[in-house]
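Participant: Handing you this structure, nothing more for now.
The values are calculated or read from the model by the stated rules, or taken from the named source; none is laboratory data. The structure presented is a predicted model; accordingly, all values stated were derived computationally and were not measured. So basically every Cβ, Gly included, is an ideal-geometry build from the backbone, and we count neighbours across all protein chains shown. Calculation scope for accessible area: heavy atoms of the full protein, side chains included, ligands and nucleic acids excluded. Shrake-Rupley method; radii C 1.70, N 1.55, O 1.52, S 1.80 Å.
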Amino acid sequence: MSMLETTAPLTGAETLTRRERVVLAELAEDVTLEEIATRLFVTRNTVKSQVRSVYRKIGVSTRAEAVAWAEAHGIR
């Protein structure tokens, strides 16, 4: 058995970067992307890109689904 065969596949939570985890946690708050950007000292477009990346990695397509996923995986 090779090393690859014994390694468990990565879940969405394990593939998220630290910043993506922060953005995901921020999505749970009742704030706009602009407000998240201001809090994180980045542009709204940067936050939009990070949100798209999070959605893709965890397999969701809405903010509500992302927030539910985050709560189920202990990200807050």
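Participant: How many residues, within the stretch 26-76, are of a type in the set (S, T, N, Q), without any contact (Cβ under 8 Å) to a residue 12 or more places away in the chain and within 20 Å of residue 13 (Cβ to Cβ)?
Facilitator: So the answer is 3.
Participant: When the residues of the stretch 8-25 are narrowed to those that are modelled with pLDDT of 65 or more and in a loop (DSSP other than H, G, I, E, B), which ends up least open to solvent (accessible area, probe 1.4 Å)?
Facilitator: 16
Participant: Scan the stretch 26-76 residue by residue and report those that are of a type in the set (A, V, I, L, M, F, W, C), open to solvent by less than 80 Å² (accessible area, probe 1.4 Å) and in a loop (DSSP other than H, G, I, E, B).
Facilitator: 28, 31, 42, 60, 75, listed by residue number.
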